[in-house]
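J.: Right, I'll just put the structure down here and ask away after.
The values are calculated or read from the model by the stated rules, or taken from the named source; none is laboratory data. If you're wondering where the values come from, they're calculated on a predicted model, not measured in any experiment. Neighbour counts are summed over all protein chains in view; Cβ atoms, including those assigned to glycine, are modelled from backbone coordinates with ideal geometry. Just the protein is used for accessible areas: all its heavy atoms, side chains included, with ligands, DNA and RNA removed. Shrake-Rupley method; radii C 1.70, N 1.55, O 1.52, S 1.80 Å.
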Amino acid sequence: MQAESDDQKKFDVIIVGGGVCGALAAKKISAAGKSVLLLEAGTKEAMDPGQYDSFISRYYTMGATRGSPNGPYPPNNSALSPNDSNQDPYFVQVGPQQFLSDYLRMLGGTTLHWQGTSLRMLPVDFEMQTAYGRGTNWPITYDHLERFYREAEWEIGICANVEEQANLGVRFPPDYVYPMEKMPQSLVDQFFMRKLDHAEVDLFGKPYPLKVVSMPVARNATPNLRATGYTPVGSTADESVGQRCQGNSSCSPLCPVQAKYNALKTLAAALKTKDTHLEIRSQCVASKLRVNACSGRVTGVEYKEYSVRGKAEYTAKFVEGKVVVLAANAIENAVLMLASGVVDDSGQLGRNLMDHPFVVLRGLAPEPVYPFRGPDITSGVESLRDGRFREKHAAFRAGISNWGWVGEPTGSVESLIGRSQFGKAFREQLCDRMSRMVRLGVMIEQLPDADNRVTIDPARTDILGNYLPVLNYKYDDYSLDAAVAAIRTVWPTIVKHAGIEDTTDFSSVPGGSQSVFQQGLRFNVTGSGHLVGTHRMGHSADSSVVDTELRSWAHGNLYVIGSGSMVTIGTSNPTLTAAALSLRAAENILKTWRE
Amino acid sequence: MNPKRHTFLEFCVEITGYPSVVLEGTGVVDLNQQLLEDVLGSTLIAKFYLLIETVLALSDASEREKRIRETVLPSPLFGPVVTNLIRLWYLGYWRELPDDWRQMTSRPKPGPTDAGRTHVPSELSYIEQLSYRTARAHPPGAKPTGFGSWSRQPL
Ligand SMILES: Cc1cc2nc3c(=O)[nH]c(=O)nc-3n(C[C@H](O)[C@H](O)[C@H](O)COP(=O)(O)OP(=O)(O)OC[C@H]3O[C@@H](n4cnc5c(N)ncnc54)[C@H](O)[C@@H]3O)c2cc1C
Ligand code: SF4
């Protein structure tokens, strides 16, 4: 069915996707006086304070599925989200391995349930091929992006310590401060800081310290006195709430007070701007870009608007725009471009899908460290983010969890019940065990691999007839060898120095993980929710999907933003980099207008 | 008020290891008792109260403990029920009793809204579960401990 434009209005810019990347671009472009339409596939429920509270109630009463990041959010078969047991399956997994990450299709996007860790990439991460003969160099350097990192840190609201990051090799201009001071480090962190003070590991003949460093996060903390004019942004429901993280310890899947950043905040601020030119249309799934065959320009976006979630009914619509920006995330952007027959001479569209393979290690500290309090990650073992070993295997970092073991307290309670414990003895043993739980989450770099890709299949569509993402995915030796180094070399060193009782057990495979075998070692790997690649940027049309401004090589008024444009993933969680790239693209879009 | 409320509460003190003032403070005593009565039905609940009254009649704490360990928990009829009560208090949810228990008691399989199904009875059940309190923490998303509290010893 060909829908005709039902809009009298032609927008300057149409943005597809109301997550952090779309929201930042929408705010910046609309503030410059351009008319912006944001199309959002999911509902806008999260913007409604009553509905947001209902997610919290749902979270409390949902029982066993509580652990899933999408759990508290109402299922939506009209705009599916992946890996959510409450709705139809979304990803078509071709293998050989499963892609175990998810995202959320709802206004606000995946930041509604992200953890908020907001590290910059290291300068060397942009030049992996030159430095270590691995991966691909970016067409831009760290220094091209530095100014936009700062802009993103202030827009999103990051709390962190410049010196600690600079010691890791991150470059800042003199006198720069993050808008908020670093998040107070947990008792668990303090335990590891004490114990690992002199710990080091040997990787390929070179010693590396195991340094525990505070984590930059997108959570409200004490404003930095030197950050003039910065006020933490509270909840969209009530600004006076959430101006500090109050330690609800549920950041993923949801922060009850929105002390953790989510994209709703940026959208709300943009909508509040006087004479705003931003319009948001939710429950509108973009299904195809319309392209003028002669000029190659994208004329607008076809979308399907549904009024009832989960019903196969929709109205087909079309809206015209002078510029179209895809900000639907790495997988959805690829699906939409493939569905639209977007020209891609490089053959890279949909390819190089990356994530951070994630390995969980756990144990019991020799003394109580009182986990299950505070935001999840306030520090990490960060000193293995770079080194000569990257010629041989991936870099990695190990986030220190403040939330004890996965599957708790059920695991401990069931084990005590199984041993017929009750009463005071039960209580004492549970306290002893839970208060000593420590867990490290090892996040491993993954190289771009053309075979890891998103495709579409006309036979696999959802109830509105939109394509399901078909995924080919595997881990390569470069990542898996790093996992082995983390398990065989780094973890035992930590265990020894900290006097930890190692309880890591790979004999069974928990839901959401998969078992792999490498160098004679069997272990479990899961995903990190970090979707990278699929529309990489580059110097030329024959090797990349977008140029250094994130503009499609073939379609001059189409921009494809977010972490899908990243060339490599490094060891930092990708959202801050994706946000910086999106802000840079927004600036370039405005610049073309002026020109 | 339920005439057996005191009996129920005192027995919960024995199996949870928490004094009654703490259990009362959760606000879910009545909810939990009602749930148990709905699951067991009038005949079984009467038998259950008789059994736990024999435990509570023992004046010595170690005797009560011994009786629970040796008589109540091994009971095919009431062992699984008491275990579930521990789950209810510590984890804030009720787990459907196993098939062989239902066969033995001729209780019907719970339907999607019946008390006996696996479910979290109320938001309060989640918020007040004893496990996190025991670990000197708090349930995720509820009872936040305040900015920076995680960097110090719990109160
Ligand atoms: C559990 C978890 C924890 C995470 N923790 C971190 C972390 O600590 N640090 C970090 O850096 N990153 C983290 N991430 C990743 C982070 O959440 C994402 O990188 C980020 O939110 C992506 O933002 P985005 O705007 O590109 O995409 P999204 O947030 O996915 O937003 C895309 C938007 O587009 C909409 N959309 C999709 N398809 C269409 C369509 N066809 N038409 C219209 N609209 C569409 C979606 O509904 C959605 O609103 C985490 C992810 C997960 C799953
Ligand atoms: S710890 Fe709590 S208050 Fe802080 S960000 Fe997480 S959920 Fe929000």
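J.: Rounded to whole Å, give me the distance from the Cα center of the range A:219-234 to that of the range A:509-568.
T.: The range A:219-234 and the range A:509-568 have Cα centres spaced 33 Å from each other.
J.: Rounded if a/c is under 1.5, else prolate if a/b is larger than b/c, else oblate: which is the range A:437-486, with a ≥ b ≥ c the root eigenvalues of its Cα gyration tensor? Provide the component values of the computation, followed by the final result.
T.: Details: a/c = 5.12, a/b = 2.03, b/c = 2.52.
Oblate, because a/c is 1.5 or more while a/b does not exceed b/c.
J.: Now, a different point. With axes computed from alpha carbons, what is the tilt in degrees of helix A:49-61 against the longest principal axis of chain A, rounded to the nearest 10 within 0 to 90?
T.: Tilt relative to chain A: about 40 degrees.
J.: Picking from B:SER122, B:SER42, B:SER59, which is most flexible by a Gaussian network model of chain B using Cα springs under 10 Å?
T.: B:SER59
J.: Compute the Cα gyration tensor for the range B:5-151, then decide on rounded, prolate or oblate, letting a ≥ b ≥ c be the square roots of its eigenvalues: rounded whenever a/c is under 1.5, prolate when a/b is larger than b/c in the other cases, and oblate in all that remain. Kindly include the intermediate steps, with their values, before the conclusion.
T.: Details: a/c = 2.19, a/b = 1.33, b/c = 1.65.
Verdict is oblate for the range B:5-151.
J.: What aspartates and glutamates sit close enough to A:LYS211 to cross-link, taking a C-alpha to C-alpha distance under 19 Å and skipping anything fewer than 8 places away on the same chain?
T.: Candidates past the 8-residue exclusion: A:GLU163, A:GLU164, A:ASP189, A:ASP197, A:GLU200, A:ASP202, A:ASP376, A:GLU382, A:ASP386, A:GLU445.
J.: Same structure, new question: For an R0 of 41 angstrom, estimate the FRET efficiency from the Cβ-Cβ distance between A:VAL406 and B:SER106 and round to the nearest 0.05. Don't skip to the answer; put the middle values down first.
T.: On the way: r = 39 Å, r/R0 = 0.95.
With a Förster radius of 41 Å, E is 0.55.
J.: Using amide H atoms built 1.01 Å from N in the peptide plane, name the residues 5+ places from A:VAL241, or on other chains, whose amide H lies under 5 Å from its own.
T.: Amide H neighbours of A:VAL241, under 5 Å, 5+ apart: A:SER235.
J.: Let me know the charge dipole size of the range B:5-151 about its Cα centre in debye, to the nearest 20, where only the beta-carbon of Lys, Arg (+1) and Asp, Glu (-1) is charged.
T.: Numbers: 15 positive and 17 negative charges, 62 e Å.
Its charge dipole is roughly 300 debye.
J.: Pop the C-beta distance of A:ASP238 and A:LYS591 into the FRET formula with R0 = 30 Å and round what comes out to the nearest 0.05.
T.: Values: r = 37 Å, r/R0 = 1.25.
Step by step, r from the Cβ atoms, then E = 0.20.
J.: A further question follows. Between chains B and A, what is the buried accessible area in Å², counting both sides, with a 1.4 Å probe and ligands, DNA and RNA left out, to the nearest 100?
T.: Numbers: alone 8870 and 22460 Å², together 27590 Å².
Buried area between the two chains comes out at roughly 3700 Å².
J.: Still on this structure, I have one more. For the range A:194-307, restrict the atom set to alpha-carbon positions and state the Rg and Dmax in Å.
T.: So, for the range A:194-307, Rg and Dmax equal 23.0, 66 Å respectively.
J.: Here's something else I'd like to know. Give me the percent of accessible area attributable to carbon and sulfur for the range B:5-151, probe 1.4 angstrom.
T.: On the way: 3240 of 6080 Å².
Result for the range B:5-151: 53 percent of the exposed heavy-atom area is carbon or sulfur.
J.: Amide H neighbours of A:LYS288 under 5 Å, counting only residues 5+ apart in sequence or on other chains, H built in-plane at 1.01 Å?
T.: Amide H to amide H, under 5 Å and 5 or more residues apart or across chains, A:LYS288 pairs with A:GLU302.
J.: Continuing with this model, one more query. When the expected Rg is taken as 2.2 N^0.38 Å, what fraction or multiple of it is the alpha-carbon Rg of the protein assembly as shown?
T.: 1.00
J.: Might you tell me the accessible area per residue for the range B:5-151, computed with a 1.4 Å probe and given in Å²?
T.: On the way: 6080 Å² over 147 residues.
Result: 41 Å² of accessible area for each residue.
J.: Using each residue's phi in the range A:105-116, evaluate 6.51 cos²θ - 1.76 cosθ + 1.60 at θ = phi - 60° and report the 3J(HN,Hα) Karplus result to the nearest Hz, with x for Gly and Pro.
T.: Values, residue by residue: 9, 6, 4, x, x, 5, 5, 4, 10, 6, 8, x Hz.
J.: Next question. Which one, A:TYR103, B:PRO121, A:TYR559, is farthest towards the positive end of the dipole of the protein assembly as shown when Lys and Arg carry +1 and Asp and Glu -1 on their Cβ?
T.: Farthest towards the positive end: B:PRO121.
J.: Next up: What list of ³J(HN,Hα) values in whole Hz, one per residue of the range A:117-133 in order, does the Karplus curve 6.51 cos²θ - 1.76 cosθ + 1.60 (θ = phi - 60°) give from phi, with Gly and Pro shown as x?
T.: Here the 3J(HN,Hα) series is 5, 9, 8, 6, 6, 7, x, 5, 4, 7, 9, 4, 5, 5, 6, 10, x Hz.
J.: Next up: Could you work out, residue by residue across B:85-91, how many beta carbons of other chains sit within 10 Å of that residue's beta carbon, and then give the average as an integer?
T.: Details: counts 1, 7, 4, 0, 1, 10, 6.
Mean inter-chain Cβ contacts per residue within 10 Å come to 4.
J.: Convert each backbone phi in the range A:8-16 into a coupling constant with the Karplus relation 6.51 cos²θ - 1.76 cosθ + 1.60 (shift: θ = phi - 60°), then list the ³J(HN,Hα) values in order as whole Hz, x for Gly and Pro.
T.: 5, 8, 10, 8, 5, 9, 10, 10, 9
J.: Calculate the spin-label point distance for A:SER508 paired with A:THR222, positioning each point 7 Å from the Cα along the beta-carbon direction, and give it in nanometres.
T.: The modelled label-to-label distance comes out at 4.5 nm.
J.: Apply the Debye scattering formula to the range A:236-384, with a single equal point scatterer on each alpha-carbon and no solvent, then give log10 I(q)/I(0) at q = 0.09, 0.10 Å⁻¹.
T.: Evaluating at q = 0.09, 0.10 Å⁻¹ gives log10 I(q)/I(0) of -0.54, -0.65.
J.: So who's got an amide H within less than 5 Å of the one on A:ILE15, skipping anything under 5 residues away but keeping other chains? H placed 1.01 Å off N, in plane.
T.: Amide H neighbours of A:ILE15, under 5 Å, 5+ apart: A:LEU37, A:LEU38, A:LEU39, A:VAL325.
J.: Lysines within cross-link reach of B:LYS66: Cα-Cα under 30 Å, excluding same-chain residues under 8 positions apart?
T.: List returned: A:LYS424, B:LYS4, B:LYS47.
J.: Can you list the residues of the range B:122-142 whose accessible area drops by at least 40 Å² going from the chain on its own to the full set of protein chains, with a 1.4 Å probe?
T.: At a threshold of 40 Å² (probe 1.4 Å), the residues of the range B:122-142 that become less exposed are B:GLU123, B:TYR126, B:TYR132, B:THR134, B:ALA135, B:ARG136, B:HIS138, B:PRO140, B:GLY141.
J.: Continuing with this model, one more query. What is the dipole size for the protein assembly as shown, taken about its Cα centre, with +1 at each Lys and Arg Cβ and -1 at each Asp and Glu Cβ, in debye to the nearest 20? Mind showing how you got there, number by number?
T.: Numbers: 77 positive and 80 negative charges, 107 e Å.
Magnitude of the dipole: close to 520 debye.
J.: Looking at this model, which pairs from A:LYS195/A:LYS260; A:LYS9/A:LYS34; A:LYS27/A:LYS272 are more than 19 angstrom apart at the alpha-carbon?
T.: Working: A:LYS195/A:LYS260 30 Å; A:LYS9/A:LYS34 13 Å; A:LYS27/A:LYS272 10 Å.
From A:LYS195/A:LYS260; A:LYS9/A:LYS34; A:LYS27/A:LYS272, over 19 Å: A:LYS195/A:LYS260.
J.: While we're here: I'd like the orientation of helix A:142-156 relative to chain A: the angle between its Cα long axis and the longest Cα principal axis, in ° from 0 to 90, rounded to 10.
T.: Here the helix axis deviates by roughly 90 degrees.
J.: Can I ask one more? State, in angstrom, two size descriptors of the range B:15-62 derived from its alpha carbons: Rg to one decimal place and Dmax to the nearest whole number.
T.: Gyration radius and largest Cα-Cα distance of the range B:15-62: 12.5, 31 Å.
J.: Can you give the FRET efficiency to the nearest 0.05 for B:LEU58 and A:ASP345, using r as the Cβ-Cβ distance and R₀ = 56 Å?
T.: Numbers: r = 85 Å, r/R0 = 1.51.
The formula returns an efficiency of 0.10 here.
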